[in-house]
Amino acid sequence: MTRRVLAAFLLAVTLVASCGTLTGAPPDRAQPGGAASGGRTPCDGVGDDFPGDVKLARCLTEWFWSRRFQESGETYRPITRFVAYRGSGGPDCGGQPAVPENAFYCPYGHFIAYDAAWLEAMYDRMGDGAVYVVIPHELGHAVQAQLVEDFRFNVERELQADCYAGASLSGLIRVGALSAEQGDEEELLTNIRAAGDPTDVWWAPDAHGSPELRQQYFAHGYNEGVGTC
Ligand SMILES: [Zn+2]
């Protein structure tokens, strides 16, 4: 663990007291099929390396949403593509080129793309919580697209996607589809904080919310569930 990561880690722990606190244990070394608690999922593989975690985070999160939609008498529409790219070699979205060091949901074609080198670097630096924050967040946008929700500001859309990400993770843990290890809680909060905007220009069209707000919405979804997002 480098000093920089340690600093971010301590910052996250400090903020937990005043901001969002996770009341359950989040995922790590995910084991689909939930050997411990018997949760059955259609997802194969075990998340014990970067490609495994990426695949599992997508599969489990979509499984969570398909069940959630089903409970409401609706049908979840899975994303059509899950594209790994490197640097500036990503797919464009409605004429907008993909940018390096990013992950995004594209409503034109209903797909998700991510810079694999960037995500893997975060995974190596900050733990697998990186994958379990970024992918459920982007899938949160795929869900929003199906619910046809309207937002006045982009930041509202982003914070709801954070809330959805927290809610889908805790939902998966509750049914035993994901298991958790000690230290994961801080890891998730560190990752969500690190993704906050450097300045609080919340009305900007690309605003995602301050580190504190992002952490708060993620924790809210995690603790209170999808219905409160
Ligand atoms: Zn987003």
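What follows is calculated from the coordinates using simple rules that are stated; it is not laboratory data. In this text the structure is predicted, and so the values were computed from the model without any measurement. Positions of Cβ are generated from backbone atoms using ideal geometry, with glycine treated the same way; all protein chains shown enter the neighbour counts.
Sites listed here are GluC sites (Glu not before Pro) in region 120-210 whose DSSP assignment is loop and whose Cβ has at most 15 other Cβ atoms within 10 Å: 149, 181. Residues whose amide H comes within less than 5 Å of that of residue 93, counting only those at least five positions distant or on another chain, are 98 (H built at 1.01 Å from N in the peptide plane). Computed from the C-alpha gyration tensor, the three semi-axes of the ellipsoid equivalent to region 160-229 are 24, 14, 8 Å, from longest to shortest. One quarter of the convex hull surface built on the alpha carbon atoms of region 86-229 amounts to 8.8 nm², the projected area averaged over directions.
Residue-wise HN-Hα couplings along region 61-74, as the Karplus relation 6.51 cos²θ - 1.76 cosθ + 1.60 with θ = phi - 60° gives them from phi, are 5, 5, 5, 4, 5, 5, 5, 4, 5, 4, 4, 9, x, 10 Hz; Gly and Pro carry x.
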